[in-house]
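The values are calculated or read from the model by the stated rules, or taken from the named source; none is laboratory data. Everything numeric here is computed off the predicted structure, so don't read it as measured data. In this analysis, Cβ positions are derived from the backbone assuming ideal geometry, glycine residues included, and neighbour counts consider all displayed protein chains.
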């Protein structure tokens, strides 16, 4: 960043994009259901006689078939063409039917049907997330240190589902004269994702932890801007499955930057 004003302007733009993504039709504010799938044929709709009962939408939305190989077909009740959904963990396939966005998600090889109501009033009613005051000093340039060999890690999730991930790097940085490290467990080479928890989780931030994405990655350095630390999807909905911080990403200090916990969490 060339000046503090440039940085603040960029951060405001990032916050606007963040809010728009949350409120988008495929964001995290309009989810209405999530159901595990198994091989078989299942009717889907709001009627109580369906195999998968939705809280909104038409009485009969359609029929979903999961094949033995995990591939899924969906036939709308109005008889339109079959939509084929092939499991893709990184880019879950979706189909829009009568205002409901059906998404096939996959964890540990098991599929689930997640449904969003694109007509929900919830996104419009959501006005944003309180954040800590901006602290430019908490935008750090860290050493980007490759492990000698990829490390297999067991990562717990918000739904008590243990997942396997492969970690290749850790970010090593200094704050308040102390040296810390965070291991990237998700994301992409261009934007590694760090799932972390710090001491603000006890009173000011989401208790399970937050996410922050690396920026400006080179062979030896990575920028971590804690002013862009965000609440995970499971802070907004019970129909998300979020990774929890590995033990090495639990920091013994307060990171008073980025998003605070949502009001409903303050009351618990």
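Exactly one of these conditions fails for residue 136: (1) surrounded by 12 or more Cβ atoms within 10 Å (Cβ to Cβ); (2) within 23 Å of the chain's Cα centre (by Cα). Give me its number.
Residue 136 satisfies every listed condition except (2).
Given (1) in a loop (DSSP other than H, G, I, E, B); (2) farther than 25 Å from residue 161 by Cβ, where does residue 73 come up short, assuming only one miss?
Among (1) in a loop (DSSP other than H, G, I, E, B); (2) farther than 25 Å from residue 161 by Cβ, residue 73 violates only (1).
Any residue at all in segment 60-72 that is in contact with a helix residue (DSSP H, G or I) (Cβ under 7 Å, 6 or more places away or on another chain), within 15 Å of residue 32 (Cβ to Cβ), surrounded by 14 or more Cβ atoms within 10 Å (Cβ to Cβ) and touching a residue at least 12 places away in the same chain (Cβ under 8 Å)?
Of all residues in segment 60-72, those in contact with a helix residue (DSSP H, G or I) (Cβ under 7 Å, 6 or more places away or on another chain) come to none.
Within segment 60-72, none of the residues are in contact with a helix residue (DSSP H, G or I) (Cβ under 7 Å, 6 or more places away or on another chain), within 15 Å of residue 32 (Cβ to Cβ), surrounded by 14 or more Cβ atoms within 10 Å (Cβ to Cβ) and touching a residue at least 12 places away in the same chain (Cβ under 8 Å).
Checking residue 211 against (1) out of contact with any helix residue (DSSP H, G or I) (no Cβ under 8 Å at 6 or more places or on another chain); (2) touching a residue at least 40 places away in the same chain (Cβ under 8 Å); (3) more than 20 Å from residue 7 (Cβ to Cβ): exactly one of these is not met. Which one?
Result: residue 211 passes all but (2).
Out of (1) under 30 Å from residue 225 (Cβ atoms); (2) in contact with a strand residue (DSSP E or B) (Cβ under 8 Å, 6 or more places away or on another chain), what's the single condition that is false for residue 56?
All conditions pass for residue 56, except number (1).
Could you tell me how many of the residues in segment 76-85 are surrounded by 16 or more Cβ atoms within 10 Å (Cβ to Cβ) and either at pLDDT below 95 or assigned to a loop (DSSP other than H, G, I, E, B) (or both)? Steps first, answer last, please.
Taking segment 76-85 and keeping what is surrounded by 16 or more Cβ atoms within 10 Å (Cβ to Cβ), we get 76-77, 83, 85.
Adding the requirement that they be either at pLDDT below 95 or assigned to a loop (DSSP other than H, G, I, E, B) (or both) leaves 77.
Number satisfying all stated conditions: 1.
Can residue 55 be described as surrounded by fewer than 17 Cβ atoms within 10 Å (Cβ to Cβ), touching a helix residue (DSSP H, G or I) at 6+ places or on another chain (Cβ under 9 Å) and not in a helix (DSSP H, G or I)?
So residue 55 fails the test.
Return yes or no: is residue 11 under 25 Å from the mean Cα position of the chain (by Cα), surrounded by 14 or more Cβ atoms within 10 Å (Cβ to Cβ) and farther than 24 Å from residue 159 by Cα? Talk me through it step by step, then tell me what you get.
On the way: under 25 Å from the mean Cα position of the chain (by Cα): yes; surrounded by 14 or more Cβ atoms within 10 Å (Cβ to Cβ): yes; farther than 24 Å from residue 159 by Cα: yes.
It is true that residue 11 is under 25 Å from the mean Cα position of the chain (by Cα), surrounded by 14 or more Cβ atoms within 10 Å (Cβ to Cβ) and farther than 24 Å from residue 159 by Cα.
Looking at segment 130-150, which of its residues are within 30 Å of residue 218 (Cβ to Cβ) and part of a loop (DSSP other than H, G, I, E, B)?
First, the residues of segment 130-150 that are within 30 Å of residue 218 (Cβ to Cβ): 131-150.
If the condition is that a residue be within 30 Å of residue 218 (Cβ to Cβ) and part of a loop (DSSP other than H, G, I, E, B), then 132, 133, 134, 135 are the ones that fit.
If a residue has to be crowded, with 18+ Cβ neighbours inside 10 Å and outside any strand (DSSP E or B) to count, how many in segment 30-46 make the cut?
Here the count works out to 2.
Residue 144 is checked against (1) over 25 Å from residue 38 (Cα atoms); (2) surrounded by fewer than 16 Cβ atoms within 10 Å (Cβ to Cβ) and fails just one. What number does that condition carry?
Going through (1) over 25 Å from residue 38 (Cα atoms); (2) surrounded by fewer than 16 Cβ atoms within 10 Å (Cβ to Cβ) one by one, residue 144 breaks only (2).
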